[in-house]
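Asks: The structure that follows is given in the form of structure tokens.
Derivation of every value follows stated rules applied to the coordinates shown; laboratory data play no part. Model, not experiment: these values are computed from the prediction. Every residue, glycine among them, receives a Cβ derived from its backbone with ideal geometry; neighbour counts consider all protein chains shown.
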Amino acid sequence: MRCSGIAAVLMTALASGCTSLPPRAPLDAAHLTQDFAARRLDALPGLPPPQSGWNAEEWFRAALELNPELAEARAAARSAAASEVTAAERPNPTLNLFAEYVTAAAQSAAWLYGLSMEFLLPQPGVRARARESAALQTQAAESDIAETLWHVRAQVQQALLDAAYANDTTALLKTLVADREALLGANRALAQAGEIASAETLIQDVELARARERLVRSQALAIDAEVRLAGAVGVSVAALDGIALRWQNWADIGALDPAPASDWRTAALIGRPKVIRALREYDVADVALQSEVARRWPQFHVTPGYAWDKSGLHQQELDDSLHDTLHDNELGVSFELPIFNQHQGPIGEALARRELAGKHLQVVQADIFAEIERAERAWPQAQQAWRAAAGARALAERQRAAEERAFSAGSSDRSNLLAAQLASTEAQLSSLEVAYDAQLAFAALENAYRRPLGAPEHAAVARS
């Protein structure tokens with residue numbers, strides 16, 4: 001093959017390997033900020049208008065569409081999957097061009113031009129291990145999506161719970177503050193009339209100050225919950241303007257009754273995303289160890305070459321006066337000589353990394369086991385506390401009703417009525433607090449199992 005033919009083949013190969021890249025998306029911090037601030041919740045696919053009032057499942061579906069953390073996890077999985085294409089590719093040969101100045105015995109000289117191509121003869125199993133490692137890393141990245149999914153779900157659920165709890169608590173605390181103010185006014189009137197000591201009004205002052213402080217904290221929790229919900233969904237707080245944050249019957253803990261399933265614990269211990277990632281990391285470390293062990297045997301590089309000269313080197317064996325073109329065919333083989341080391345160092349490192357990955361898997365499983373046991377034991381206690389609070393609330397309601405009847409009949413004064421109303425309100429606040437704790441315990445149980453326990457967003461989690 002002449003030089004022009006070789007060049008044509010090379011140019012054809014290079015041209016066929018050129019692919020057009022998609023245009024680079026312009027990223028500007030100012031524009032990204034503007035785009036994020038302009039996000040709205042209207043017209044999301046498959047969701048009703050948010051002004052109608054979304055439930056927890058609908059807020060979660062909105063987060064599936066807009067949450068940037070989840071979008072990043074999906075992009076990371078796509079990036080890991082792209083490495084599988086690289087792992088499946090065969091190594092390209094290396095082209096070497098050279099020029100050599102040659103002086104013949106007859107004192108004639110010329111430049112010798114040539115080219116060579118180096119081919120790697122891969123060891124058996126190299127590409128298979130590379131593809132296996134890439135596939136394992138893709139699976140690990142996909143497990144990160146599942147973990148991020150539950151992280152986002154927990155954020156949405158917690159923000160909605162805090163918003164509902166704060167709104168209901170705020171309404172009761174406003175009533176409590178009003179009753180405290182009325183009771184303080186009544187006691188001050190009695191103190192001025194000399195019927196009670198003036199020191200007793202100081203106690204009511206303190207209780208009123210505490211009630212106002214609790215009201216401010218509850219209002220702050222509602223504001224913070226709204227901000228956290230916007231962040232979990234992936235929008236600015238302005239996007240929630242005009243949208244009521246409601247969670248109907250959130251305090252009805254009796255409706256939360258997860259059916260016992262003995263296999264949920266086992267499924268979580270072997271199938272939770274963190275376990276899957278730890279397993280894949282161990283498998284990747286094992287493949288890396290196999291690759292290091294295989295490097296004890298050398299890899300061969302075959303280098304065929306071709307050289308030519310048209311400057312007139314004499315071929316004395318044929319004719320001293322004959323000028324002709326010189327052709328030179330070469331074949332080289334190279335490989336590593338394991339003289340100074342036999343790759344024991346890298347093999348030892350890979351072995352230690354595999355052992356570390358195995359220990360990490362045990363730690364992950366132990367943490368999940370402890371998390372499940374805490375959640376399983378906390379949930380019955382939370383149910384029991386809620387039932388006790390419900391009983392106390394019912395008792396306070398009956399006492400308030402009795403005081404109202406007595407006041408209407410003229411057998412009791414206003415101070416006793418206000419005290420009964422305050423006790424009833426406090427019982428309701430205590431019941432809400434216990435219900436809030438029970439919701440946290442139920443959420444911990446769901447997160448430990450990594451499955452909605454009869455929650456409506458089960459289908460959304462499965463689809464995502």
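Asks: Using θ = phi - 60° and the Karplus curve 6.51 cos²θ - 1.76 cosθ + 1.60, what whole-Hz ³J(HN,Hα) does each residue of region 131-141 get, with Gly and Pro shown as x?
Replies: After applying 6.51 cos²θ - 1.76 cosθ + 1.60, I find 5, 5, 4, 5, 5, 5, 5, 5, 4, 5, 5 Hz.
Asks: Also, I was wondering about something else. What residue among Ala238, Pro49, Ser411 has its Cα farthest toward the positive end of the dipole of the chain, where the charges are +1 on Lys, Arg and -1 on Asp, Glu, each on the Cβ?
Replies: The residue sitting most towards the positive pole is Ser411.
Asks: Right, next: What FRET efficiency comes out for the pair Val237/Ala267, r = Cβ-Cβ distance, R0 = 51 Å, nearest 0.05?
Replies: 0.85
Asks: In debye to the nearest 20, how big a dipole does the chain give about its Cα centre with +1 on each Lys and Arg Cβ and -1 on each Asp and Glu Cβ?
Replies: My answer is approximately 1100 debye.
Asks: Using the Cα centre as the reference, give the magnitude of the dipole from point charges on the C-beta atoms of region 322-453 (Lys, Arg: +1; Asp, Glu: -1; all else neutral), rounded to the nearest 20 debye.
Replies: I would put it at about 1220 debye.
Asks: For Phe300, what residues show an amide H to amide H distance below 5 Å, using hydrogens built from the backbone and excluding near sequence neighbours?
Replies: The list, which skips near neighbours in sequence, is Leu121.
Asks: Rounded to the nearest 500, what is the 222 nm mean residue ellipticity of the chain from helices alone, with -39500 (n - 2.57) per DSSP H run of 4+ residues and division by all residues?
Replies: About -23000 deg cm²/dmol.
Asks: Provide the FRET efficiency to the nearest 0.05 for the Ala99-Lys359 pair, computing r from the beta carbons and using R0 = 51 Å.
Replies: Efficiency at R0 = 51 Å is approximately 0.35.
Asks: Ok, one more. Can you list the chymotrypsin sites (Phe, Trp or Tyr not before Pro) in region 328-415 that are in a DSSP coil and have 14 or fewer other beta carbons within 10 angstrom?
Replies: The qualifying sites are Phe335, Phe340.
Asks: Something else now. In a solvent-free Debye calculation with one equal scatterer on each Cα, what is log10 I(q)/I(0) for region 320-431 at q = 0.16 Å⁻¹, listed in the order of the q values?
Replies: Log10 I(q)/I(0), no solvent term: -0.92.
Asks: Also, I was wondering about something else. Starting from the amide H of Leu112, placed 1.01 Å from N in the peptide plane, find each other amide H under 5 Å away whose residue is 5 or more places distant or on another chain.
Replies: Here the answer is Glu100, Tyr101, Val102, since their amide H atoms fall under 5 Å of that of Leu112.
Asks: Taking the Cα centre of region 197-290 as the origin, how large is its charge dipole in debye, to the nearest 20, when only Lys and Arg (+1) and Asp and Glu (-1) carry charge on their Cβ atoms?
Replies: Roughly 220 debye, rounded to the nearest 20.
Asks: How large is ³J(HN,Hα) for each residue in region 389-399, as worked out from phi by the Karplus curve 6.51 cos²θ - 1.76 cosθ + 1.60 (θ = phi - 60°), to whole Hz, x for Gly and Pro?
Replies: Once rounded to whole Hz, the list reads 5, 5, x, 5, 5, 5, 5, 5, 5, 5, 5.
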